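First up is the structure itself, then whatever we jot down about it.
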């Protein structure tokens, strides 16, 4: 341990430095909202785009509420013009949904905002996987999917959500998008929830195999919205660009996440945040982005692009620099590295877990990702006896260093 470059303490210091900036109020902080702060911010120059075939128009910058813990940031976001707030059942163990519900209900603006949340497909749900002997049973899938979603409504204190996503339909690269997105139990659940008014629009999310998910949504016509990971590190992915265009042509709303390659990374690497966010939004097939700002400065920085997508000279210089992909340090989850590991470690999953810990400062999500739905931290097992990591990224991710940092945290 003494010989390692990154000690556990120094890693924790770096990973949590940004959390203090989120404000001392925390998730249970009191929301003191004077009436005059409820007024709408009518900035006419904000760029709006159609959310596919839904009839909804959204500002191109929305808010991902995965790690934000200060309710005042949500209030300020609404005041500036944000109208879409994105969360999920497992974010902050449900506290993300609770905070959103408290803020929106206190402000009395439910009809003015678009709220989205996510529920896991049954075969991938860490809460359910070991409870069902036959996880492919459509009736069980439908039952548990609806039960989980009803928990979302309870935490949000809402009668409906605008978008309900089937969470991470391509949980790993062995899952075919068409198989995941045509699960009869999920489709029955979504149809029931839509017909009863508990959801308005259906969606699916994906962290990898994004092109196949987008194309399946366009083919099937079942899903209204798809949320994908998309950022400048994917600038050479023509297949994904074509899939985004195909989705737009078929009136599928496309929401972009991971646009700045991960949460608090902005404080630790010299990344031009507005440059990479503009790059994503200059693709007109992308309806809106959901950067996960956690403080007022980051909110102001991100929302500054909502009315102007022209690059400044500094932004253009950053995007044209030779080492920009290395600076972003983002794992695209392509799985090309897996053949270079003699122990068959699930390296994409490890890199994703590292992103949550290192860039987001979200150790709960990092550990949950490592567990992969079991009671044991299995993703790190193949790495524990390796003195030298032989896995190599075909791009620029430092796999060895990232795995060493995960060992410091979770081994």
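Do we have residue 392 as over 28 Å from residue 91 (Cα atoms) and either assigned to a helix (DSSP H, G or I) or modelled with pLDDT of 90 or more (or both) here? Here the answer is yes, as residue 392 does meet what is asked. For segment 260-289, residues that are at pLDDT below 95 and touching a strand residue (DSSP E or B) at 6+ places or on another chain (Cβ under 8 Å) total 1. Here residue 283 clears all of (1) surrounded by fewer than 23 Cβ atoms within 10 Å (Cβ to Cβ); (2) in a helix (DSSP H, G or I) except the condition numbered (2).
Per-residue answers, yes or no, for (1) in contact with a helix residue (DSSP H, G or I) (Cβ under 6 Å, 6 or more places away or on another chain); (2) part of a loop (DSSP other than H, G, I, E, B); (3) assigned by TED's automatic domain parsing to the domain that holds residue 289:
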residue: 142; (1), (2), (3): yes, no, yes
residue: 148; (1), (2), (3): no, no, yes
residue: 159; (1), (2), (3): no, yes, yes
residue: 192; (1), (2), (3): no, no, yes
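Residues of segment 322-338 include at least one that is farther than 25 Å from residue 206 by Cβ and assigned to a loop (DSSP other than H, G, I, E, B). Whether any residue in segment 164-177 is assigned by TED's automatic domain parsing to the domain that holds residue 109 and part of a helix (DSSP H, G or I) is what I want to check. For segment 164-177, residues assigned by TED's automatic domain parsing to the domain that holds residue 109 and part of a helix (DSSP H, G or I): present. Within segment 208-237, being crowded, with 22+ Cβ neighbours inside 10 Å, under 26 Å from residue 138 (Cβ atoms) and touching a strand residue (DSSP E or B) at 6+ places or on another chain (Cβ under 7 Å) holds for 213, 214, 217, 223, 224, 225, 226, 227. Of all residues in segment 326-355, those that are without any contact (Cβ under 8 Å) to a residue 60 or more places away in the chain and touching a helix residue (DSSP H, G or I) at 6+ places or on another chain (Cβ under 8 Å) total 10. Select from segment 339-354 the residues that are more than 20 Å from the chain's Cα centre (by Cα) and assigned to a helix (DSSP H, G or I) and write down the one among them that is modelled with the lowest pLDDT. By that ranking, first place goes to 339.
Condition check ((1) surrounded by 20 or more Cβ atoms within 10 Å (Cβ to Cβ); (2) within 20 Å of residue 166 (Cα to Cα); (3) modelled with pLDDT of 95 or more) across all residues:
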position	(1), (2), (3)
47	no, no, yes
53	no, yes, yes
60	yes, no, yes
68	yes, no, no
74	yes, no, yes
88	yes, yes, yes
97	yes, yes, yes
104	yes, no, yes
134	no, yes, no
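Filtering segment 289-310 down to residues that are touching a helix residue (DSSP H, G or I) at 6+ places or on another chain (Cβ under 6 Å) and outside any helix (DSSP H, G or I), which residue is surrounded by the fewest Cβ atoms within 10 Å (Cβ to Cβ)? Restricting to residues being touching a helix residue (DSSP H, G or I) at 6+ places or on another chain (Cβ under 6 Å) and outside any helix (DSSP H, G or I), the top hit is 309.
The values are calculated or read from the model by the stated rules, or taken from the named source; none is laboratory data. Here the structure is a predicted model, which is why all the values come from computation and not from measurement. Every residue, glycine as well, gets a Cβ built from its backbone with ideal geometry; the counts of neighbours run over all protein chains shown.
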